[in-house]
1. Ignoring ligands, DNA and RNA, what percent of the accessible area of the chain is carbon or sulfur (1.4 Å)?
2. Relative contact order for the chain: what is it in percent, counting Cα pairs under 8 Å that are at least 6 residues apart?
3. What order, most packed first, do the peptides 17-26, 56-65 have when packing is the mean number of other Cβ atoms within 10 Å of each residue?
4. Using Cα positions and a limit of under 18 Å, work out the lysines in reach of residue 43, with same-chain residues fewer than 8 apart set aside.
5. Taking the convex hull of the Cα atoms, report for the chain its projected area averaged over all directions, in nm².
6. Before I look further, what does the chain give for accessible area per residue, probe 1.4 Å, in whole square angstrom?
7. Quick one: which residues, 5 or more positions from residue 48 or on another chain, have an amide H under 5 Å from its amide H? H modelled 1.01 Å from N in the peptide plane, none for Pro or chain starts.
8. Please list 3J(HN,Hα) in residue order for the stretch 48-56, calculated via the Karplus relation 6.51 cos²θ - 1.76 cosθ + 1.60 where θ = phi - 60°; whole Hz, with x for glycine and proline.
Amino acid sequence: QVQLVESGGGLVQAGGSLRLSCAASGRTFSSYGMGWFRQAPGKERECVSAISWRGYSTAYADSVKGRFTISRDNAKNTLYLQMSSLKPEDTAVYYCAATQTRAPSTNIDEYDGWGQGTQVTVSS
């Protein structure tokens, strides 16, 4: 199973930007579809974005379309989430996750490898 470690979270003002990274180790990163999820206090974990194993296909939640960009660098075993025009409602713990489904999947049940999460706080 692949091990995942997120970084890049922090406190930012509304309208600002952050880039999250997810470093992978263990089994071959490039063979996994990957996703970014977030969980706000009192809410269920939701998929923000997903990317196919080679990075050719992506998917986004409607709430982040046009503001967030997912990407991956298989040579560096790293997944990224570029977040722009951040809003207070984007405040959450962000997790990266791996799935054996190679197409971009927003189905949380298809993910079986998770990082520990990184906090993103957007102030108004």
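The values are calculated or read from the model by the stated rules, or taken from the named source; none is laboratory data. Everything numeric in this text was worked out from a predicted model, so none of it was measured. Every residue, glycine among them, receives a Cβ derived from its backbone with ideal geometry; neighbour counts consider all protein chains shown. Each accessible area value is taken on the protein alone, full model and side chains, heavy atoms only, with ligands, DNA and RNA left out. Shrake-Rupley method; radii C 1.70, N 1.55, O 1.52, S 1.80 Å.
1. For the chain, the apolar C and S fraction of the accessible surface comes to 44 percent.
2. Over the chain, the number comes to 37 percent.
3. Descending mean neighbour count gives 17-26, 56-65.
4. The reachable lysines, counting only those whose Cα sits under 18 Å from residue 43, are 87.
5. Dividing the Cα hull surface by four gives the mean projection, 6.6 nm².
6. Result: 50 Å² per residue.
7. Close amide H contacts, sequence-distant or interchain: 36, 37, 38.
8. Going residue by residue, I get 8, 6, 9, 9, 6, 4, 9, x, 7 Hz, with x marking Gly and Pro.
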